[in-house]
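The values are calculated or read from the model by the stated rules, or taken from the named source; none is laboratory data. Model, not experiment: these values are computed from the prediction. For neighbour counting, all protein chains shown are included, and Cβ atoms are generated from backbone atoms with ideal geometry for every residue, glycine included. Ligands, DNA and RNA are excluded from the accessible area calculation, which covers all protein heavy atoms including side chains. Shrake-Rupley method; radii C 1.70, N 1.55, O 1.52, S 1.80 Å.
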Amino acid sequence: MINMLWQAHLSFALLLFLLTPGLGFSPGWQRLRLAALLAVSFLPVDGLTLAAYVHSFTGDAAITSLVAMLYLAGVRTGFAPPLPRRASVQILAVMAALAVFLYPATLGLSYLDPYRLGYQPRPLILVVALLAFALLALKNHLGACMLGLATLAFTVGLKASPNYWDYLIDPFIGLYSCCAILVYVTGRLLRRKATAQTRAPSLQP
Amino acid sequence: MLAYKKKQFVTGVAAVSLLAIFFAAWWLHPDRSVAGFAVADPASDPLAMVGQAPFYRSRFASTDLDEFVHSSSVAALPSGALMAVWFAGTREGAADVQIRGARYDASTAEWGDELVLATRESTSSATRRHIRKLGNPVIALAPDDRLWLFYVSVSIGGWAGSAINAMYSDDFGENWSAPKQLITTPFLNISTLVRNAPVFHSDGTIGLPVYHEFLGKFAEYLYISAEGEVLDKSRISKGTHSLQPTVVPVSAQSAVVLLRYAGDTHHKVLASRTEDAGQTWSKPRPVDPSNPNSSLAAVGTPDNGLLVALNDLEDGRFRLRLMGTDAGLNFWQPVIDLDESPDPLGHPFSPEVYREIIGDKFQLSSGPRRLALMDEFLTHLDQRVCAVQGCDFEYEYPYFIKSADGLYHLVYSWNNAFIKHVSFNDSWLDTQL
């Protein structure tokens, strides 16, 4: 049963680890904190482990989310270098685009159901392959790794779902990416406007 | 220079790995062809039924006198036996709701004792999820003699938070597998519900009509493998006004679907068609019978028409009617009112009057085995079906099948107090038309 829920325990521990402040602990202590959170995920609640109980409401995390959380945890624990801003924006843009394409239409807005593409996945595999190679060409190794490992997990059937989409995206990474991209674009526009305003007087004769 | 070469090597290895991963994914997931519907060969239809005496019988399938019972379903087993399932509990959506069932013995023409097939606890234990409530069981015998039971469970929120669980029996319901939750939506796997009879494809694929209730209300069709894995899905309707599709295959490629109308305008049954074994569906259109946002069920008739059980009303569920229609769904004809309130507008009755009427109705369907329950049933009546404004008659949620021996079987909620089973043959049907 642990096998079936390994993702739930890993997601629970990683998410809590990343959401709570590091408190200036050294990478060694951060590793201990992560191990402690993993232990917390096994606390019993209503006949289930805490992670399984939370998983009842959240469902499985996508493999892309797991890879991203593992990388960010790696940064905190000193195993990986921080991600350049440009790379994180590229990843957020890809995930936001997937979320905008998938979620609204699955809620019955049209006869087109993009989730169906995940059952007959060849066209979607092609598109995701192009995205992964594009990210690789941009030297965005984490982005390429997220999409590549999600596809590998789908190929070997690592999750309970037979649908490719469930490996690529979940509502949490989708919503986070959309919000983050919105904030980023708004910030850029505001900065551009402010720059234009400060330059404007110098253009006057 | 060395660092640059190392970076180039890493990128090269990453590119080759990606290529291998995506090629493997492509290779291992070929497009799946869809088999046609498994439609009964007219030549194998039981001609023995032709010329037989008209047959009509009604019985209660449930026994419990305390519980709210609802959303029944029935499957035909070999040798004329049947198995019915429904949900029972203190009220709809209560934590104590169980999925129950009973077997019908054709030799005695009686339903046996109630069985508990799934509970909140058993579902939670098998799926390793917190389960708040259960509902809507659907039972069906597949062509490979595997008996399937689908039912919904909710972990969070109301019915819009439902997911479908599937369990099966390879010995006609004696022993059951642990339930497994089907993953059918990308949004936390919530809001897929089942209510109506599955159909089968010629390769053994199960075609399960389902519906969605979160934000929108629309119908879908799931393709599930004979092993219980979701293979594909198609959308029957969109928007916010259609639910609970009942699918009737007409030929290998075509089928008709009727839908419960959940909108606020015309209050008519909706109909749609597929001509490619369920991959695409025509835009649903309203047809003649009224529908008060209530479940309906249909089966095919030998003349390629449909026989439909429904509440042909704009409001209320106080009359359950059987209607016949042609293949084009253009001409509708009432066959019989299976159960109805004596008041033509369905107004409530005082407890005294109600007790007398329902006592008579009870005897018509109790059969010898359940006749002994009558006094206790009438004593507890007030808590079960009567409210402050009076006592209502409610006949709803029909589920309809035609068994291999040519008999039609219909089960439905009888005042949410009993699950009623009605069976009849084509000869009886001819006498009603």
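Here are some pairs, A:Lys139/B:Lys180; A:Lys159/B:Lys217; B:Lys217/B:Lys361; B:Lys233/B:Lys361; B:Lys233/B:Lys268; which of them have Cα atoms lying more than 32 Å apart in this structure? Result: A:Lys139/B:Lys180; B:Lys217/B:Lys361; B:Lys233/B:Lys361 exceed 32 Å. Mean-square fluctuations from a GNM of chain A, with a 10 angstrom spring cutoff on Cα atoms, peak among A:Gln120, A:Gln30, A:Gln90 at A:Gln120. For the protein assembly as shown, the list of Cys residues with no other Cys C-beta under 4.7 Å reads A:Cys145, A:Cys178, A:Cys179. Here the Debye sum runs over all C-alpha atoms of region A:103-205 as equal scatterers in vacuum, and log10 of I(q)/I(0) at q = 0.10, 0.23, 0.24 Å⁻¹ comes out as -0.45, -1.28, -1.31.
Helix A:122-137 sits at what angle to the longest principal axis of chain A, using alpha carbons and giving 0 to 90 degrees rounded to 10? Taking the Cα atoms of chain A, the angle to A:122-137 is about 60 degrees. Computed about its Cα centre, the charge dipole of chain A is approximately 1000 debye, with only Lys, Arg, Asp and Glu carrying charge at their Cβ.
To the nearest hundred square angstrom, how large is the accessible surface buried between A and B, total for both chains, probe 1.4 angstrom? Don't skip to the end; give the middle numbers.
Numbers: alone 12820 and 19370 Å², together 27720 Å².
Using a 1.4 Å probe on protein heavy atoms, the buried area is about 4500 Å².
What is the sum of charges around B:Gly112, taking Lys and Arg as +1, Asp and Glu as -1, for the other residues whose C-beta is under 15 Å from the C-beta of B:Gly112? Mind showing how you got there, number by number?
On the way: positive: B:Arg59, B:Arg100, B:Arg103, B:Arg369, B:Arg370; negative: B:Asp64, B:Asp105, B:Glu110, B:Asp113, B:Glu114, B:Glu174.
Every neighbour counted, the sum reads -1.
Axis angle, to the nearest 10 degrees, between helix B:2-28 and the longest C-alpha principal axis of chain B: 30 degrees. Evaluated with a Cβ-only charge set (Lys, Arg +1; Asp, Glu -1), the protein assembly as shown carries a dipole of roughly 4900 debye about its Cα centre, given to the nearest 20. Mean-square fluctuations from a GNM of chain B, with a 10 angstrom spring cutoff on Cα atoms, peak among B:Ser33, B:Ser403, B:Ser366 at B:Ser33. Of the residues B:Phe150, B:His29, B:Asn330, the one whose Cα sits farthest towards the positive end of the charge dipole of chain B is B:His29 (charges of +1 on Lys and Arg Cβ, -1 on Asp and Glu Cβ, taken about the Cα centre).
Calculated on the alpha-carbon coordinates, the convex hull of region A:1-59 measures out at 79 cubic angstrom per residue.
Within region A:181-197, which residues have the backbone N less than 20 Å from the label spot 7 Å out from A:Ala93 along Cα→beta-carbon, could you tell me? Residues A:181-193 qualify, since their backbone N sits under 20 Å from the label point. Under 13 Å from the Cβ of A:Leu16, count the other residues' Cβ atoms, weight Lys and Arg +1, Asp and Glu -1, and hand me the total. That works out to +2. Shape index of region B:105-254: Rg/Rh, with Rg the Cα radius of gyration and Rh the Kirkwood radius from the inverse mean 1/r over Cα pairs, equals 0.97.
What does the charge count near A:Ile63 come to, summing +1 for each Lys or Arg and -1 for each Asp or Glu among other residues with Cβ under 14 Å from its Cβ? Walk me through the intermediate numbers first.
Numbers: positive: A:Lys159; negative: A:Asp60, A:Asp166, A:Asp170.
Neighbour charge sum, excluding A:Ile63 itself: -2.
Mean silhouette area of region A:139-190, derived from the convex hull of its C-alpha atoms and averaged over all directions, reads 4.5 nm². Per-residue 3J(HN,Hα) values for region A:97-114, derived from phi via the Karplus relation 6.51 cos²θ - 1.76 cosθ + 1.60 with θ = phi - 60°, read 5, 4, 5, 5, 5, 7, 5, x, 5, 6, 8, x, 6, 8, 6, 6, 10, x Hz in sequence order (x marks Gly and Pro). The distance separating the Cα centre of region B:155-221 from that of region A:28-47 comes to 34 Å.
Using unit Cβ charges (K, R positive; D, E negative) and no other charged atoms, how large, in debye to the nearest 20, is the dipole of region A:83-194 about its Cα centre? Numbers along the way, then the final one.
Numbers: 10 positive and 3 negative charges, 131 e Å.
The dipole of region A:83-194 has a size of about 620 debye.
Under 5 Å from the amide H of A:Gly22 lies no amide H of any residue 5 or more positions distant or on a separate chain, with H modelled from the backbone and absent for Pro and chain starts.
Probe radius 1.4 Å, ligands and nucleic acids ignored: give me the carbon and sulfur share of the accessible area of the protein assembly as shown as a rounded percent. Could the numbers behind the result be given before it?
Values: 17240 of 27720 Å².
Carbon with sulfur: 62 percent of the solvent-accessible area.
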